[in-house]
1. Looking at region 40-59 only, could you name the residues that are in a loop (DSSP other than H, G, I, E, B) and either at pLDDT 90 or above or touching a strand residue (DSSP E or B) at 6+ places or on another chain (Cβ under 6 Å) (or both)?
2. Hey, can you tell me all the residues within region 51-62 that are surrounded by fewer than 16 Cβ atoms within 10 Å (Cβ to Cβ) and either among the hydrophobic types (A, V, I, L, M, F, W, C) or within 22 Å of CYS20 (Cβ to Cβ) (or both)?
3. Anything in region 17-28 that is within 9 Å of the ligand (Cβ to nearest atom) and either assigned by TED's automatic domain parsing to the domain that holds SER62 or exposed (fewer than 15 other Cβ atoms within 10 Å of the Cβ) (or both)? List them, or say none.
4. Quick check: is even one residue across region 20-39 at pLDDT 90 or above, out of contact with any Asp or Glu (no Cβ under 7 Å at 6 or more places or on another chain) and in a helix (DSSP H, G or I)?
5. Looking at (1) within 16 Å of the ligand (Cβ to nearest atom); (2) within 21 Å of THR98 (Cβ to Cβ), which is the only condition PRO4 fails?
Amino acid sequence: MFCPECQSEFTSDVSFCNDCNVSLVETLPELETVSWSPIKEYLGYIPAEMAKAALSDENIPSFIKGDFLSTAYGIKAWDAAGGKAVLFVPEEFFEKATSIIENFSVNN
Ligand SMILES: [Zn+2]
């Protein structure tokens, strides 16, 4: 079993990555070939999600990793700790994503 976020490998009796708070998957998706870079840290899930949507409009893949419980459970236990959310993009999109996010932040 693999963690889709940190890509650690676990034995088959493990189904949850405690480091990332996500459920393990049997095979890694394309993440294994992509180098993800943290691009920006947000104090909250919603602004991170808005930035992710702005990137998605430009066809830039991204994911959010936070201190909150994984959306794998359909729960955003976000209010618990005033946690932060970190937005990741593939390294090759880093510069483009940075300029999009900076423009996006200014406009908002
Ligand atoms: Zn993990």
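The values are calculated or read from the model by the stated rules, or taken from the named source; none is laboratory data. The structure presented is a predicted model; accordingly, all values stated were derived computationally and were not measured. No Cβ is skipped: glycine too gets one built from the backbone with ideal geometry, and neighbour counts run over all protein chains shown.
1. Of everything in region 40-59, those that are in a loop (DSSP other than H, G, I, E, B) and either at pLDDT 90 or above or touching a strand residue (DSSP E or B) at 6+ places or on another chain (Cβ under 6 Å) (or both) turn out to be GLU58, ASN59.
2. Within region 51-62, the first condition is being surrounded by fewer than 16 Cβ atoms within 10 Å (Cβ to Cβ), and the residues that meet it are 53, 56-59.
Passing the criteria: ALA53, SER56.
3. Step one: of region 17-28, the residues within 9 Å of the ligand (Cβ to nearest atom) are 17-22, 24.
Correct list: ASN18, ASP19.
4. Within region 20-39, not a single residue is at pLDDT 90 or above, out of contact with any Asp or Glu (no Cβ under 7 Å at 6 or more places or on another chain) and in a helix (DSSP H, G or I).
5. (2)
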